[in-house]
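Visitor: Okay, handing you the structure first.
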Amino acid sequence: MEDERTLYPSFGGMNRIAMIGGVPLFPALIVACSSLMSSMFGGFVLGPGGLLIGTAGVPVFLFLRHVCETDDQALRLFWLEFLCWLERRIVSVFGKTHTLAPIRYGRSLEVYTRSFSHGKDLERFDALRERLLVPMEDDCDE
């Protein structure tokens, strides 16, 4: 008998993020909560007219909606561009050079532990993998 595996369709919409009014969920919540807090603070300090301070979030929401109009991941690119712009402003401190690297030196433990994954650790992992794959191959033969 041939080994027939069940193929499951994958849909492009499964990797989309949750949106509220065309804006990703968390940025929309940040804008809404900050507008609410500023409105409450303005109402407390300035009286009923201070409640209008919360309407400052409407143009921000519309800007985010415009940015995410064609791509729901556009805010991530926009944030990366903003961070690069901030980093370029301080290049004079570091010899006027700006380097982008995909590795986060000193920020995560994985960067340091990755170099120790050679030798005996790698041999132990291969042995474990072989032990775990043997039952799967036996099931496929039946």
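Visitor: Quick check, is Thr99 part of a loop (DSSP other than H, G, I, E, B), polar (S, T, N, Q) and modelled with pLDDT of 70 or more?
Guide: So Thr99 passes the test.
Visitor: State which residue is farthest from Arg16 (Cα to Cα) when the search covers only the range 65-96 and only residues that are among the hydrophobic types (A, V, I, L, M, F, W, C) and outside any helix (DSSP H, G or I).
Guide: Initial filter on the range 65-96 (among the hydrophobic types (A, V, I, L, M, F, W, C)): 67-68, 74-75, 77-80, 82-86, 90-91, 93-94.
Among the residues that remain, those that are also outside any helix (DSSP H, G or I) are: 68, 90.
Numbers: Cys68: 12, Ile90: 35 Å.
That would be Ile90.
Visitor: Inspect the range 8-20 for any residue being at pLDDT below 95, among the hydrophobic types (A, V, I, L, M, F, W, C) and closer than 29 Å to Leu100 by Cα and give the result as yes or no. Don't jump to the end; show me each part of the working.
Guide: The first filter runs over the range 8-20 and keeps only residues at pLDDT below 95, leaving 8-20.
In the following step, the residues that additionally are among the hydrophobic types (A, V, I, L, M, F, W, C) were identified as 11, 14, 17-20.
Imposing the further condition that a residue be closer than 29 Å to Leu100 by Cα reduces the set to 17.
Yes, the range 8-20 contains a residue that is at pLDDT below 95, among the hydrophobic types (A, V, I, L, M, F, W, C) and closer than 29 Å to Leu100 by Cα.
The values are calculated or read from the model by the stated rules, or taken from the named source; none is laboratory data. None of these values were measured; they are calculated from a predicted model.
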